[in-house]
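Single-structure report; data block below.
Taken together, the values in this text are just the output of simple stated rules run on the coordinates, not laboratory data. Since the model is a prediction, treat every value here as computed from it, not as a measurement. Here the Cβ is made from the backbone with ideal geometry for all residues, glycine too, and neighbour counts use every protein chain on show.
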């Protein structure tokens, strides 16, 4: 195998139990270049305070392994944790990137938070906007971006070698699939996106963005296409229409994520905080009596 044809990546996972989020470092052993997928900035909602413990663990690993960070990838605009990408970028460099459909999310939530004219809705807060089927290079590794909307309009999955990082599209087989009741979500489109992922070779390893340890089992975040097709509790034995009906009924019973409001208004800005106001303080907005309406958009 030539260097240019390398398909095997080194993958390291960091699990943040506070938000049930997995951050991945995907690296090329030959060049020591790496990409980071879905980082976390710690946030105490009761105090409105941020910390960098989770991000610092990722930074320490990259430094200790002598890696060069070239991509800071977001699978979507997360509604359950704040992105740590800007903080990590300040320490290590690299480009923050997300789907080019981020503009749809910025339009919706820019209106919800009454973001003023200083909030561009063209994705320019990110260093790079990823198009469907775009090839991203990590040293000699080729990573392909699959456009997999449904959970949100701007969801991407990333395939490198025999590994696929699925974001919130799929979960471990005993937990099922992503909710679709956020603005721009669509259960029919999610089903089609999952079929795209499950059409990859059976041995493809699927890496989850979250795990919630159903039934009290240990936290897990890696499965395969074959295992998902054989045993995902939301998919096995269901037609597309049956899945859509199940997903919509289930979503109607789900509570709003605890960190939805701070997460979305930060993450739609590529992880940057809202602008500092004239007293030198940045503020997270809480729109009153609006979330129920926006979940139905």
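Over the chain, what is the relative contact order in whole percent, taking alpha-carbon pairs under 8 Å and six or more residues apart? Please report the intermediate quantities before stating the final value.
Numbers: 623 pairs, mean separation 53.0, N = 297.
The normalised contact order for the chain reaches 18 percent.
Using a basic spin-label model with each label point 7 Å from the Cα along Cα→Cβ, how many nm lie between residue 231 and residue 195?
For the pair residue 231/residue 195, the computed spacing is 2.5 nm.
If you take the square roots of the eigenvalues of the alpha-carbon gyration tensor of the chain and sort them as a ≥ b ≥ c, do you get rounded (a/c under 1.5), prolate (a/b over b/c) or oblate?
Values: a/c = 1.58, a/b = 1.07, b/c = 1.48.
Cα axes put the chain in the oblate bin.
For a quick check, take a GNM of the chain with Cα springs below 10 Å and name the residue from 211, 44, 28 with the largest mean-square fluctuation.
44
Among DSSP beta bridges lying fully in the range 153-297, give the percent that are antiparallel, nearest 5.
Working: 7 of 10 bridges.
Of the beta bridges lying entirely in the range 153-297, close to 70 percent run antiparallel.
Please rank 170, 220, 288, fewest neighbouring Cβ atoms within 10 Å first, as an exposure proxy.
Details: 170 30, 220 17, 288 6.
Exposure proxy ranking, most exposed first: 288, 220, 170.
Of the beta bridges DSSP finds with both residues in the range 8-278, what % are antiparallel, to the nearest 5? Don't skip to the end; give the middle numbers.
Details: 32 of 46 bridges.
Percentage antiparallel, nearest 5: 70.
Fewest to most neighbouring Cβ within 10 Å: what's the order for 217, 247?
Values: 217 11, 247 25.
Least to most surrounded, the residues fall as 217, 247.
Could you tell me what percent of the DSSP beta bridges with both partners in the range 1-156 are antiparallel, to the nearest 5?
Values: 20 of 31 bridges.
The answer is about 65 percent antiparallel.
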